[in-house]
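Below you'll find the structure, written out as structure tokens, and then a few comments.
Read-outs throughout are calculated quantities, based only on the coordinates presented, and are distinct from any laboratory measurement. Since we're looking at a predicted model, the values are computed, not measured. Every residue, glycine as well, gets a Cβ built from its backbone with ideal geometry; the counts of neighbours run over all protein chains shown.
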Amino acid sequence: MEEVPLEAPRAPHRQAPRQGTETADAEAHITVDSPEAMQELGRTLARLLRPGDLVLLTGELGAGKTTLTRGLGEGLGVRGAVTSPTFVIARVHPSLSGGPALVHVDAYRLGGGLDEMEDLDLDVSLPESVVVVEWGDGKVEELSDDRLHVVIARAVGHEEVLDDVREVSVRGIGARWSAPGALAAL
């Protein structure tokens, strides 16, 4: 469990994206203070996505991965309610507006790496879809050199006040995300 210690409650903030020191990857750090704000972050992030994008979501149970994905689905204008695909592993949400479909994968119950994920045919879906994989660390990175890695951490401190506060780190990896300002909209 990754925790972000906080001394006192604070207002939501957005930190400007920055270029990584070892690579040209873009990063953004955002504090959200409610599930509604997490969903809004998903809608904002959706405006940056295009067919072929791979998004990895990392965070403990209940951190807000599915809530963020629900916002992505709204922002992409896809059909169907975005819910956790834990028991079906993957759900495809076709676009209602001619944009990319959203392929939402929950790899929590999958123990293997890309070999086990191959049964889902994500490599076939990726070019025309936005593929979001919860719990995908160490399992799907080989699908694309270009991807977003979103880490959601619960803020800790005054639990009664900070229960819904999350620190979200978005890191764009690869040439797709290396342009200056690639994550500026966040």
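Length gained on full extension, ALA81 to ALA184, computed as 0.36 nm times the residue gap minus the Cα-Cα distance: 34.3 nm. The peptide list 51-64, 89-102, put in order of mean Cβ contacts within 10 Å with the highest first, becomes 51-64, 89-102. Once the chain from VAL92 to ASP164 is taken as fully extended at 0.36 nm per residue, the excess over their C-alpha distance is 23.1 nm.
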